[in-house]
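Each remark here refers to the structure printed beneath this line.
The values are calculated or read from the model by the stated rules, or taken from the named source; none is laboratory data. Keep in mind that what you see is a predicted model, and the values were worked out from it rather than measured. Cβ sites come from the backbone with ideal geometry, for glycine too, and all protein chains shown count toward neighbours. With ligands, DNA and RNA removed, areas are computed over all heavy atoms of the protein, side chains included. Shrake-Rupley method; radii C 1.70, N 1.55, O 1.52, S 1.80 Å.
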Amino acid sequence: PPLPSPRGPPSMRVKVKGSVFKGDVDLPGDDPSVGDLRAAVAAASGVRPERQKLLAGGRNLGDNDQASLSSLNVTDGKAIMLLLKPGTAEAAVEEEKALETQHHAHVDRLVQAAIDISHREVHDYDGRRGEDFALELTNQHGDLVMLEPAQQQALVQGLVLHQRGRAEAVRGCRKDEDSARAHARALAFYRRARAAFDSVDDSGIVSAVDNVPYCCLDEVWCLFMLGDTRDLELWDRLLARAAQGLARAHGAGLERLFALKGRNCPERALYPRLHLLQGVLRVLRGDSEGASALLLRAREECRRLTVRRGDVASLRAVVAAQDGGAVPEALAVRALRAGGGSVEGALAYLRQLDDRMAARRADERRRRHIRRRHRLLGRTLQGEPVDLAAVDAIMAAGFSEREAGAALREANNDVNGALARVATARRDALQRLMFLGFEEGLAAGALDAAEGDEAAAADALAGRGGGAP
């Protein structure tokens, strides 16, 4: 039977959290009841009302569906915890189907969102295509990489979906989450991401994208976490592709990675996972000797990356004492790994990270300023963006940005032609103001103040006398 729907227009919104559903739920009526809440949660999550156990502020809302939420101190924006009560086998099967349907719909929505992002137009401003960068592709040095539109769309889709899969996998590690369900969601995103990467028609571009081997490795990890060993050939292909991609990006002995980011960079954490999965694959294929070598290697790599809880606490305390700020535990662990396990090395890494973030923010401010100038200056008659270097050259000659932009639009970015146009326009405007009786010096000053706008200059002159009869 269809799940019940809440009645009336929404008047309250609560935040529902749980292993099977997480999201905002709207409730109807002026004073909704517990029954209204159950119906709304059922419609949003697929969990039938009789299977719901609802908690608010640690308090069980109980089974009295007639009780008003206000009497239980549930107000707009309140967080509600959704737990499952034991049910019949038939109800469990029905619920599982509903949750599976909801999962596929959720994946499809996010895939469509990734497609929409990838299709946003990117033009060439500041030496690149770009009017409004929806998402930028950079190389390992941080330089922007511009591709053909179809290739960029496919890569952006792959990057967005891969990142979404990682977010789902992280959720699967939380205590209050259903690990199997979260990793199943992550696996769906990883597979869509890999399909997007593989749709790029230039193998050289795909092989140069670090996220492709990362995605292959993450996909096998999800299969491992789900206990899915049905297709060992797929495991083999994906792990081989991950190993080849990492070797190409980092160097066979990680020499390229160390040269770029130092010996204790976070990317080293990829290798214990790679060697563990390779060892598991050998075990599943009956190669105990090969498996033993890989698993021992993975264990040693994990040991080198392990940080002590006391060092994490010490690092966080030192940062709090020096800067008065709080370092998240995950960042403290990452910094200690990057610093070779020492607090001093971790502090140096955090300072470098702050410097890189400051430089990135400054670069982004510069790009935003460039994009803002381009939006204001528009395009030439031939449809090209106005050349900012040409604008600056004309401004250096004493004219305003508005005048330079207008002249370059008409001259199709020809600096000499635009300079002649703006000089002629300024001279003609000055002569017309002088013809109206305004003194030359005052008229020229008014034109400068009005950025070459003759009407605004005349209004300003008229308002203060300006020497006109």
(request) Determine the sum of side-chain charges near Asn412: Lys and Arg each +1, Asp and Glu each -1, restricted to other residues whose C-beta is under 14 angstrom from that of Asn412. (result) -1
(request) Show me 306-316, 282-292 ranked by packing, highest mean number of other Cβ atoms within 10 Å first. (result) 306-316, 282-292
(request) Could you please put His369, His250 in sequence from largest to smallest accessible area, using a 1.4 Å probe? (result) His369, His250
(message) I need the phi-derived Karplus couplings for segment 241-249: 6.51 cos²θ - 1.76 cosθ + 1.60, θ = phi - 60°, integer Hz, Gly and Pro marked x.
(response) 5, 5, 4, 5, x, 5, 5, 5, 7
(request) Please report the relative contact order for segment 278-431, taking Cα pairs under 8 Å with a sequence separation of at least 6, and give it as a percent rounded to a whole number. (result) 11 percent
(message) Give me the percent of accessible area attributable to carbon and sulfur for segment 380-447, probe 1.4 angstrom.
(response) 54 percent
(request) Would you mind working out the accessible area per residue for segment 351-469, using a 1.4 Å probe, and quoting it in Å²? (result) 59 Å²
(request) Compute the FRET efficiency between Leu234 and Ala113 as 1/(1 + (r/R0)^6), taking r as their Cβ-Cβ distance and R0 = 41 Å, and round to the nearest 0.05. (result) 0.90
(request) Quick one: check the C-alpha center-to-center distance for segment 408-469 versus segment 287-301, whole angstrom. (result) 80 Å
(message) Taking the Cα centroid of segment 217-268 and of segment 12-64, what is the distance between the two, rounded to the nearest whole Å?
(response) 42 Å
